[in-house]
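Step one of this worksheet: look at the structure below.
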Amino acid sequence: MPRPKHAEPKLVNIEINGIALQVPEGEYLVDAAKRVEADVPVFCYHKYMEAVGMCRMCLVDVGYKQPDGSVRKMPKPQASCTLPCSEGMVAWTETEQIIKDRKAVLEFLLINHPLDCPICDRGGECPLQNNTQFYGPSTSRYIEIKRHLPKSLPLSDHVMLDLERCIQCGRCVRFTEEVSGDAQLAFLFRGAQTQPHTFQLTEFNSRFSGNVIEICPVGALTSRRYRFRARPWDIVTQKTICTGCSNGCNIYLDSRGGEMVRINARENPQVNETWTCDKGKFQPNIMRAPNRIQQPMIRKDGALQPVEWHEAYALILERFQDERDKGGVNAVAGFAGQRMTNEDLYLFQKLFRAGFGSNNIDHRLTRYQGDLNKDLYTPLGTFAPQNEMRDLEATSLIFIFGSDLIDEQPMVYLRARKAWHRFGVKALVAYPVPTEAEHFAENALRYQPGSELALASGLLRALLGLLPAEKLDGIEGLEKIRDSVASCDPGWVEAQTGVAPGVLERAARMIADSPSMMLLAGEKVWNHREAQTLIHMLTQITRVTGNADKEEGGLNLMPLAANGQGAIDMGALPNQLPGYRSLAEKASLEAVWGCTLPTEPGLASDAMFQACLESSVKCLYIAGANPVAEHYDPTLAARAVQSVEFLVVQDVLMTETAQYADVALPACAFAEREGTYTNFERRAQRTWQAVPPTGEAKPDWRIFSELLLRLTQQTPAFNPREVMKEVGQVFPAYAACAYDHLKDQGVRWQQG
Amino acid sequence: MAEYKLLTQHIDVPDFYQMQVYESLGGYLGLKKAVEMERQEVIDEIKKSGLRGRGGAGFPAWIKWNGIPKDTSKPHYVICNSDEGEPGTFKDWELMHKAPHQLVEGMIIAGYATLAKAGYIYIRGEYVECAQRVRHAIDQAYEAGYLGKNILGKGFDYDLYVHMGAGSYECGEESALMSSLMGERGQPRLKFPHAPLPTIAGVWNCPTLINNCETLSVAPHVINNGGEWYAQIGASTKNSRGTKLFSVSGHVNKPGNYEIEFGTSLMELIELAGGVSGGALKAIIPGGSSMPILPADQCQDAILGYEELMEKGTMVGSGGCMVLNEHSCIVTFAWRTAEFYAHESCGKCTPCREGTRWMVQILERILQGKGRPEDIELLLEVCDQIDGRSFCALGDAAAWPVRGMIKQFRNEFEYFIEHGKSIVADRPEWQRMAPPKHYERYNPMRYDYTYGIERALAGKG
């Protein structure tokens, strides 16, 4: 059963260490004990995995209140990690016997543990070490020979296994079985020989393998990247956000002497629970990349020469103003990268709109460059995903359309898998080739690449036939929808997509029978030739099934890059101002900015590059983006940056695009600065500076701010906090995302 | 008192495993009677009989039968636990090998009473002949219309399957058995109150009745003769009813299975088995190797009954009665027992995984003459640390015998540690019968199971 989002749990009365309290029925005793600050040590128990009660570390004495008021104590101590709380339960966590039992379990665990803490990566942050300090015996009575096993077994490029240190808690094995679902690890042999390993001793081949390193309560699984590089007490840990994709995983970035050494997951139950994907966890150290732009550079005599910041600024402003004065506002253009924070994006579009008076701004690398405003999405509201991560567990059907979820949105994949595994949520996948998500999907539609629109139309037509009339009542423009897909009968769909009528019918029935549905659309939609029509079709599917205004259902077009959502919100678009305002609604913005804004819509990215080729755009400012490598049509982008008269590239690395720059400006990498990112569920999350900037790099927002100062002579923003405050004035939904409100877990802005 | 042959009454009749012979001797009458009764009446008969589980715990059988939901919103299953792994026990072997139809009949009755869809007979992997015989019996029962669709015209459908274990002692534990049956790793699962009872969510999360082979074999007799009749057998005991098969082995003249009425004395059982051989009696383990040992002086007045033996500090268990004469070495016996449990520990929980190995290592060191006086206390403490702390009863089963032996024969352990040799080492009788000294052949690091991994490592370079 899907987990209802707003269910009121039934409370039961229990007593722990003499303190009476009420807890939700079925909550494990080990969690209930935390409420009264009774410390129950654990090894195998993990909050986000099913409890097994293997390690016996969490034993407590338990009794039940009898009707006559007496307490009947259970003869044996019980594992509190698997014992659900029920009415009248009485528990003691600190009795003499329990203290003895904890000592006993730790003594058992340590008899075969090598105790090589001085050379162990985990030493200093090791649950076994901590529990032994707090609860364990001071000496061991074990004088026999310890178990000897291989100590440095590479399981994969990322993970190293030390079998001697392993305490067989099974967390890693359970993770691969339950959470990531790839079932790569298993226990081999039995009894005292039990050891975790991959089946057939093959390579540990998983997209989430890094997590087992973090959940290992000893140093048995270590990161090959981090191994022997630092000790926990000489690293500095900073909270931040992973910028690998639009999931916005909360992470800790650990650095030693200003050098990033590792990335760990930071718990956020709303977003990534406590997981990361390998792409994020083992991402290259961009801060120390050899091809970083170290200082501002200007092309002189065909080569980029280092200059001072003010020289670069002066040249940029001179060229941009000059060309604008000569060729009009369309002679300058700006391309914003989706790796930039909300503050950067906001100031970038402000620089172009208020500073250069041009609407030629875009951020899109995908084929779809049409409208992103409200009208398209009506009546779903703004062009932003409707649901949040948690809804995956509350909905009854997850329809993954045109997305290789595990690759594009790893955390959504994990959460969708959890929803299926734990709560029995069904899944339906439509993708041209088999994907990982098909393993748990009840039904899969494999269509010919490029035929997404035909498939969606066919589905819509089938749905209109299947849905009961009373459900369709009151849907505006139903007849129009019906007419638009009238010709999309199953035979036509099969000819177009290769999906057999029976398969289509089954999928449509699945959707029609589900009380709610979350539609997750991905890369194949963004890059579709007729994306606008396709999105419209998906909107209609969401509408006719009644999911448009449901809390646990809806349409979610998931941005593909870290701050793709923020770029739309901040108005890094040629025809849209911050806050989904059309260009006609510029008055309030003019009031805040104190200037007049252009009314002419600007050029979208394709048109912008085309204009560069035709030399109508003379000056191009590319900030935080690498279109030559990442644009869906790299040839067009490459030709555009080569032929444009004056190219400014502001980026972290000397990218393919930056090679052609006339002015190259060094920007800070994500961990060298602070800011906010908006993830695919509209959650604005903060990052903090973890390491000092490299060379003369500046945060993007500061560069724009300094340019704006020179242009408009207005007081610039001195820090991102102020920028965010201004965003809140311009886009009221973001007022809730001011820095003071964001805290550690971020805030999801609400559609108004 | 002599044997009371109920289950083993016709066991020596030639071809008793064949349907014709079994039916000619009153076979399947119980089933025919049962299907005429209401399902609840069958359960009530079992309740009246006072039948208790024969697998070791002695849990009243009817409570399990009655606990199965009365509706069939989920399919119900019956499982026969014939994974007879307890050292010293071989009663199920005889019951399955010689009277397979009796078990099949019991399974059908249990299935009828609990509205089951199918039954599984989980047979220990080594019992190949038994599995053949049981399969043969099932085939014959299908032919005779006792299994399959519409059994005896009563509209009751029931199928029976044989599943062979893969040689793990742990799979005799009911939840591990069900894991194994479902194709998972043979490890125990959470039990009540941590998880629902198997009668609510057992195999494949469906209501499951799981009973021992002997318990199910009794069912036809209870139905055939009535629960009250069965309850009269063994009425002299406190709460044990009926007969019990004891597998007598060790130093007796006629080792074998003996069926006796509850209330028979332990010494009578030994007399049935031809008396102690090779010397005077030293000790008896009455219920299989997991149970605490009973020294000779306490054996004299021991009565075979669940509560009666409990008072003596041991248990009926599975009825694997092991007899030791005066020339046996208890320390070696303790080592061999501990070695078995260390080998069979599934490795799931810490106390059992680490504790059983530690016990063997200590005992091995004592056998090698390197014992320390404090080792006895250490062994007792390790036993205490395992007992009641492990995930399932295997940990308890490993701790009880060693603790029992130290408690009853502490002097032998002390002698061994002090002199570096057994108290019976110089006796020619011991030298004749002493088992091969495995512990010398084994080295303490023998749990290095790394050959496969080293090979993989070599491949990786």
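The values are calculated or read from the model by the stated rules, or taken from the named source; none is laboratory data. Predicted, not measured: the structure shown is a model, and the values here were computed from it. Neighbour counts run over all protein chains shown; Cβ positions are idealised from the backbone, glycine included. Side chains are part of the model used for accessible areas, which takes the heavy atoms of the whole protein and leaves out ligands, DNA and RNA. Shrake-Rupley method; radii C 1.70, N 1.55, O 1.52, S 1.80 Å.
Around B:GLU429, under 14 Å between beta carbons, what's the net of Lys plus Arg minus Asp minus Glu among the other residues?
Its environment carries a net charge of +1.
Pairing chain A with chain B buries about 4300 Å² of accessible area. This figure sums both sides and uses a 1.4 Å probe.
For B:LYS421, the lysines whose Cα falls under 24 Å of its own Cα, not counting residues fewer than eight places away in the same chain, are B:LYS282, B:LYS370, B:LYS407, B:LYS437. With 22 Å as the limit, the listed pairs A:LYS73/B:LYS191; A:LYS618/A:LYS698; B:LYS64/B:LYS117; B:LYS91/B:LYS191 have A:LYS618/A:LYS698; B:LYS91/B:LYS191 beyond it between alpha carbons.
Only one residue of A:VAL525, A:ILE541, A:SER514 has its Cα farthest out toward the positive end of the dipole of region A:372-557, where Lys and Arg carry +1 and Asp and Glu -1 on Cβ, and that residue is A:SER514. Here's the list of aspartates and glutamates a cross-link from A:LYS34 could span, going by alpha-carbon distance under 13 Å and ignoring same-chain residues fewer than 8 apart: A:GLU15. Between the alpha-carbon centres of region A:200-245 and region A:33-54 there is a gap of 22 Å. Take region A:583-726 with all the other protein chains still there, run a 1.4 Å probe, and you get 35 Å² of accessible area per residue.
For region A:649-715 versus region B:362-418, the spacing of their alpha-carbon centroids is 69 Å.
On a per residue basis, region A:372-557 carries 36 Å² of accessible surface, using protein heavy atoms and a 1.4 Å probe. For A:GLU696 and A:HIS536, a Förster radius of 45 Å and the Cβ-Cβ distance give a FRET efficiency of 0.40, rounded to the nearest 0.05. Between the C-alpha center of region B:328-361 and that of region B:241-288 there is a gap of 26 Å. Averaged over the residues of B:196-206, the number of partner chain Cβ atoms lying within 10 Å of the residue Cβ comes to 0. Projecting the Cα atoms of B:TYR230, B:SER290, B:GLY202 onto the charge dipole of chain B, computed from C-beta unit charges around the Cα centre, puts B:GLY202 farthest toward the positive end.
Toward the positive end of the charge dipole of the protein assembly as shown, with +1 on the Cβ of Lys and Arg and -1 on the Cβ of Asp and Glu, the farthest Cα among A:GLN713, A:ALA684, A:GLY474 is that of A:GLN713. In order along region B:423-429, the Karplus-derived 3J(HN,Hα) couplings, from 6.51 cos²θ - 1.76 cosθ + 1.60 at θ = phi - 60°, round to 5, 9, 4, 8, 7, x, 4 Hz, and Gly and Pro are given as x.
Can you tell me the dipole magnitude for region A:372-557 around its Cα centre, using point charges on the Cβ only (Lys, Arg +1; Asp, Glu -1), in Debye to the nearest 20?
For this selection, approximately 200 debye.
Listed values for region A:240-246 are Karplus-derived 3J(HN,Hα) couplings in whole Hz (6.51 cos²θ - 1.76 cosθ + 1.60, θ = phi - 60°), namely 7, 10, 6, 10, x, 8, 7, and x replaces Gly and Pro. Kirkwood Rh over alpha-carbon pairs of the protein assembly as shown, then Stokes-Einstein at 37 °C and 0.692 mPa s: what D in µm² s⁻¹, rounded to an integer? This corresponds to a translational diffusion coefficient of 94 µm²/s.
For region A:258-334, the solvent-accessible area of protein heavy atoms averages 42 Å² per residue (probe radius 1.4 Å; ligands and nucleic acids excluded). Projected onto its three principal axes, the C-alpha set of region A:167-220 covers 30, 24, 17 Å, listed from the longest axis down.
The phi-based Karplus calculation (6.51 cos²θ - 1.76 cosθ + 1.60; θ = phi - 60°) puts the 3J(HN,Hα) values of region A:302-314 at x, 10, 7, 10, x, 9, 7, 4, 5, 5, 5, 4, 4 Hz, whole numbers, x for Gly and Pro.
Using the per-residue mean of other Cβ atoms lying within 10 Å as a proxy for protection, in what order, highest first, do the peptides A:51-64, B:47-60, B:348-361 fall?
Values: A:51-64: 24.4, B:47-60: 20.9, B:348-361: 28.3.
Output ranking for A:51-64, B:47-60, B:348-361: B:348-361, A:51-64, B:47-60.
Please report, in debye to the nearest 20, how large the charge dipole of the protein assembly as shown is about its Cα centre when each Lys and Arg carries +1 at its beta carbon and each Asp and Glu carries -1 there. About 1000 debye. For the residues of B:354-361, the average number of beta carbons from a partner chain within 10 Å of their own beta carbon is 6. In this simple spin-label approximation, A:GLU722 and B:GLU129 carry label points 7 Å from Cα along the Cα→Cβ vector, and these lie 9.4 nm apart. Leaving out ligands, DNA and RNA, and with a 1.4 Å probe, what % of the accessible surface on chain A is carbon or sulfur? Roughly 50 percent of what the probe reaches on chain A is carbon or sulfur. Modelled this way, with points 7 Å down the Cα-to-C-beta line, the labels at A:THR139 and A:ASP116 are 2.6 nm from one another.
Only alpha carbons enter this Debye calculation for region A:372-557, each as an equal point scatterer, and the log10 of I(q)/I(0) it gives at q = 0.16, 0.18 Å⁻¹ is -0.94, -1.23. Packing, as the average of other Cβ atoms within 10 Å across residues, places the peptides B:298-306, A:649-657 in the order A:649-657, B:298-306, highest first. Taking every DSSP beta bridge that has both ends in the protein assembly as shown, the antiparallel portion is near 55%.
Highest-first packing order for the peptide set A:332-340, B:130-138 is A:332-340, B:130-138, based on the mean count of other beta carbon atoms within 10 Å.
Were the residues from A:ARG207 through A:VAL236 laid out at 0.36 nm apart, the gain over their Cα-Cα distance would be 7.8 nm. Using a simple spin-label model with points 7 Å from Cα along the Cα→Cβ vector, what separation in nm is obtained for A:ARG710 and A:GLU656? About 3.0 nm, to one decimal.
Residues whose amide H lies under 5 Å from that of B:TYR120, counting only those 5 or more places away or on a different chain, are B:VAL78, B:ILE79, B:CYS80, B:TYR161; hydrogens are built 1.01 Å from N in the peptide plane.
The magnitude of the dipole of region B:153-203, with charges of +1 and -1 set on the Cβ of Lys/Arg and Asp/Glu and taken from the Cα centre, is near 120 debye. Shown here: chain B, whose C-alpha atoms stretch 72, 66, 40 Å along the first, second and third principal axes, sorted largest to smallest.
Can you give the translational diffusion coefficient of region A:11-94 in µm²/s, computed by Stokes-Einstein from the Kirkwood radius over Cα pairs at 20 °C and 1.002 mPa s? The Stokes-Einstein estimate is 169 µm²/s.
For the segment B:369-382, counting C-beta atoms of other chains within 10 Å of every residue's C-beta and taking the mean gives 1.
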